[in-house]
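What follows is a single structure, written as structure tokens, with notes after it.
Please treat every number below as a calculation from the coordinates, not as lab data. Bear in mind the structure is a predicted one, so any value in this text is a computation, not a measurement. Because the Cβ atoms are built from the backbone with ideal geometry, glycine has one as well, and the counts that use them run over all protein chains shown.
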Amino acid sequence: MSLEIAISPEASSGKRISIAGSLDSNTAPELQQRIDAEINKSITTTIIDFKGLEFLSSAGLRVIFKTKKMMDGRGGKFLLLNLQPQIKKVFEIIKALDGMDVFKDQDEMDDYLTAMQNKVIDGD
Amino acid sequence: MNSKSQNRQSVTLQNKIAECEKLVDLWTNYAKSNNIPDDIKNDLRLVTEEIFANIINYAHKSDDIQSVDIEFSSDTDSISITFTDTGIAFNPVVDCNKDIEQDDHCEGGMGIHLIMSLTDHQEYNRINQRNVFTVTKYYTEK
């Protein structure tokens with residue numbers, strides 16, 4: 001099974017990476033290349049949208065963790081969205097969801113981003 | 001070997017990432033023709049990918065193309081998958097029992113943790129200069 005990758009702009013210098021299909025040993029390098037090319041230093045928020053992802057292996061997880069580390073290193077946000085049950089299970093087995101910003105759907109993430117934006121506006 | 005085993009299927013693949021897709025197709029067809037429940041089918045798809053990827057990445061030098069034998073075997077209680085490779089001796093059950101911490105996703109360690117978590121029994125033997133690694137999943141909790 002192949003991996004479909006769509007990268008779209010988000011508000012406030014953000015990028016959404018929507019992945020569908022299978023993120024495995026075969027397809028993980030392709031995702032890594034796209035992230036390396038698109039998530040440059042000007043990007044302050046990276047959202048990984050898992051809505052269409054059916055399969056995830058440790059090779060794919062390594063790409064996710066590497067991207068999180070990169071965003072953390074530059075003080076940016078790294079958000080995970082729409083984890084399907086079989087994908088969430090893989091994260092849970094390796095106890096990787098602690099410390100991650102995970103949102104079950106778009107509304108929940110929008111609420112979070114709005115709250116963060118208001119904090120900035122209020123000067124908190 | 002389990003004397004109750006009824007349905008076996010074997011395949012030999014090369015230790016190349018491109019062969020992963022072939023392995024997934026073989027597993028999917030085997031699971032379908034043997035009525036393997038969906039949750040077990042999905043768990044063992046991940047397990048087969050992780051074991052095969054470990055062999056590809058660590059058993060041989062990167063340009064050394066070798067064969068990997070894979071056998072699926074199922075009976076009324078369980079399903080077993082055996083991988084046999086000619087790589088360096090490596091017992092994943094004891095050699096890679098690493099802590100899984102978020103900042104310590106060492107090469108291979110995550111995959112081994114997934115394999116151990118998603119199967120009920122793992123057995124490693126070194127036979128005739130080959131690694132023989134079998135994982136078993138029971139249809140019901142033991």
message = Tell me the relative contact order for region A:3-122 as a rounded percent, counting alpha carbon contacts under 8 Å between residues six or more apart.
response = 22 percent
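Have a look at the DSSP beta bridges in region A:1-117 and tell me what percent are antiparallel, nearest 5. Numbers along the way, then the final one.
Numbers: 8 of 25 bridges.
Around 30 percent antiparallel, to the nearest 5.
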query = So what's the angle, to the nearest 10 degrees on a 0 to 90 scale, between helix A:106-122 and the longest Cα principal axis of chain A?
reply = 30 degrees
key: the protein assembly as shown: antiparallel DSSP beta bridges as a percent of all, rounded to 5   = 70 percent
inquiry  = How would B:Y138, B:Y30, B:Y124 line up from fewest to most surrounding beta-carbon atoms within 10 angstrom?
reply    = B:Y138, B:Y124, B:Y30
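Return the loop-located trypsin sites (Lys or Arg not before Pro) in region A:58-122 (DSSP other than H, G, I, E, B) with at most 14 other Cβ atoms within 10 Å of their own Cβ; answer none if there are none. The partial results should precede the final answer.
Details: sites: A:R62, A:K66, A:K68, A:K69, A:R74, A:K77, A:K88, A:K89, A:K95, A:K104, A:K119; in loops: A:R74, A:K95, A:K104.
Passing sites in region A:58-122 are A:R74, A:K95, A:K104.
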ask   = What is the distance, in nm, between label points placed 7 Å from the Cα along the Cα-to-Cβ direction at A:E10 and at B:V94?
value = 4.7 nm
ask   = Just how far, in whole angstrom, is region B:6-52 from region A:70-104 if you go by their alpha carbon centroids?
value = 27 Å
message = Using only the alpha-carbon atoms, how far is helix B:20-33 inclined from the longest principal axis of chain B? Give it as 0 to 90 degrees, nearest 10.
response = 20 degrees
ask   = In degrees between 0 and 90, to the nearest 10, how far off the longest principal axis of chain B does helix B:38-54 point, with axes built from Cα atoms?
value = 30 degrees
inquiry  = Which residues among region B:24-42 fall inside the zone where the amide N is under 20 Å from a point 7 Å beyond the Cα of B:E141, along Cα→Cβ?
reply    = B:37-42
inquiry  = How high is the relative contact order of region B:7-138? Use alpha-carbon pairs under 8 Å, at least six apart in sequence, and give a whole percent.
reply    = 27 percent
inquiry  = Could you give each residue of region A:19-33 its phi-based ³J(HN,Hα) in whole Hz, using Karplus coefficients 6.51, -1.76, 1.60 with θ = phi - 60°, and x for Gly or Pro?
reply    = 10, 9, x, 10, 9, 9, 4, 6, 9, 4, x, 5, 5, 4, 4
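To the nearest 0.05, what FRET efficiency results for B:V132 and A:S42 with a Förster distance of 41 Å applied to their C-beta separation? It would help to have the intermediate numbers written out before the result.
Values: r = 51 Å, r/R0 = 1.26.
Computed FRET efficiency for B:V132 and A:S42 comes out at 0.20.
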